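These notes are about the structure you will find just below.
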Amino acid sequence: MKTLIIVDHPSYDQSVVNRRWLDEVRKYPDEFLVHNLQSSYPRSSIDSALEHSIIDNNGTIVFQFPLYWFNSPPMLKSWMDTVLTPGWAYAGGKHLTGRKIALAVTCGAVAENYTHEGKMGYTLEELLNSYICAIRHCHAEYAGLYAFYGAAPVKGELDITEVAQSARGYVEFLRSIKQEEKLS
């Protein structure tokens with residue numbers, strides 16, 4: 001089964017890091033399936049039956065998005081409200097039971113801001129606790145966080161070498177989840 005990467009990025013065409021991550025992932029079509037919510041649902045009307053089928057026919061799930069006001073972009077939240085329903089994902093539903101689900105997040109600010117002593121006062125993982133709780137509520141296993149910090153540099157442009165290294169690291173992260181799945 002492929003790792004399903006569910007992407008929400010309202011400004012994907014302008015993205016540097018998220019696009020580069022997916023360019024790298026798409027080199028391995030036998031391992032990964034990219035599902036871009038913005039291009040799949042340009043009118044924002046999410047088809048829960050289709051989404052259930054996509055999930056049921058793949059393995060590990062990764063939610064990939066840029067951090068928007070300490071949250072995901074709105075379509076991913078709408079997707080969760082529409083797709084992760086009682087009787088399917090929880091409250092008697094078992095479609096996600098035991099499934100590994102991870103988060104891949106890009107942040108505009110630098111990593112130092114996402115500490116207890118930093119500007120945000122919280123770690124990135126703490127800011128994403130509502131997603132981690134939702135994953136666990138669906139009886140899935142939270143498989144970790146992959147992050148890129150400084151995606152919107154204040155001065156200058158992004159270091160393309162760092163972005164490329166991050167993209168290769170993203171593929172390694174995805175494969176490590178799959179490897180853990182095989183060992184379980």
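The values are calculated or read from the model by the stated rules, or taken from the named source; none is laboratory data. Model, not experiment: these values are computed from the prediction. Methodologically, a virtual Cβ is constructed for each residue, glycine included, from the backbone with ideal geometry; neighbour enumeration extends over all protein chains shown. SASA here: full protein model, heavy atoms, side chains in, ligands and nucleic acids out. Shrake-Rupley method; radii C 1.70, N 1.55, O 1.52, S 1.80 Å.
Brief remarks follow.
- Condition met for residue 166 (closer than 21 Å to residue 3 by Cβ, open to solvent by less than 20 Å² (accessible area, probe 1.4 Å), of a type in the set (S, T, N, Q) and in a helix (DSSP H, G or I)): yes
- Hey, residue 157 of a type in the set (D, E, K, R), modelled with pLDDT under 95 and surrounded by 14 or more Cβ atoms within 10 Å (Cβ to Cβ) or not: no
- Residues that are open to solvent by 40 Å² or more (accessible area, probe 1.4 Å) and either assigned to a loop (DSSP other than H, G, I, E, B) or over 30 Å from residue 95 (Cβ atoms) (or both) within segment 114-139 comprise 115, 116, 117, 119, 120, 122, 123, 139, listed in sequence order.
- Among the criteria (1) in contact with a Gly (Cβ under 9 Å, 6 or more places away or on another chain); (2) touching a residue at least 40 places away in the same chain (Cβ under 8 Å), the one residue 87 does not fulfil is (2).
- Some residue of segment 172-180 being out of contact with any Ser or Thr (no Cβ under 8 Å at 6 or more places or on another chain) and at pLDDT below 95: yes
- Residues (outside any helix (DSSP H, G or I), in contact with a helix residue (DSSP H, G or I) (Cβ under 6 Å, 6 or more places away or on another chain) and buried (at least 16 other Cβ atoms within 10 Å of the Cβ)) located in segment 59-87: 60, 65
- For segment 96-113, a residue qualifies if it is within 18 Å of residue 17 (Cβ to Cβ) and either open to solvent by less than 10 Å² (accessible area, probe 1.4 Å) or of a type in the set (Val, Ile, Thr) (or both), and the qualifying residues are 102, 103, 104, 105, 106, 107, 110.
Table: residues versus (1) modelled with pLDDT under 95; (2) within 18 Å of the chain's Cα centre (by Cα).
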| position | (1), (2) |
| --- | --- |
| 45 | yes, no |
| 68 | yes, yes |
| 72 | no, yes |
| 75 | no, yes |
| 80 | no, yes |
| 107 | no, yes |
| 113 | no, no |
| 132 | no, yes |
| 152 | yes, no |
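- Here residue 30 meets the list (1) surrounded by fewer than 16 Cβ atoms within 10 Å (Cβ to Cβ); (2) closer than 21 Å to residue 174 by Cβ; (3) within 18 Å of the chain's Cα centre (by Cα) almost entirely, failing just condition (3).
- Checked against (1) closer than 26 Å to residue 50 by Cβ; (2) under 15 Å from the mean Cα position of the chain (by Cα), residue 98 passes all but condition (2).
- Annotation note: of 17, 34, 25, the sole residue that is within 16 Å of residue 145 (Cα to Cα) and at pLDDT 95 or above is 17.
- Sub-6 Å Cβ pairs linking a first residue in segment 7-20 that is open to solvent by 40 Å² or more (accessible area, probe 1.4 Å) to a second residue that is among the small types (Gly, Ala, Ser), at least 6 apart or interchain, are 20/167, ordered by first then second residue.
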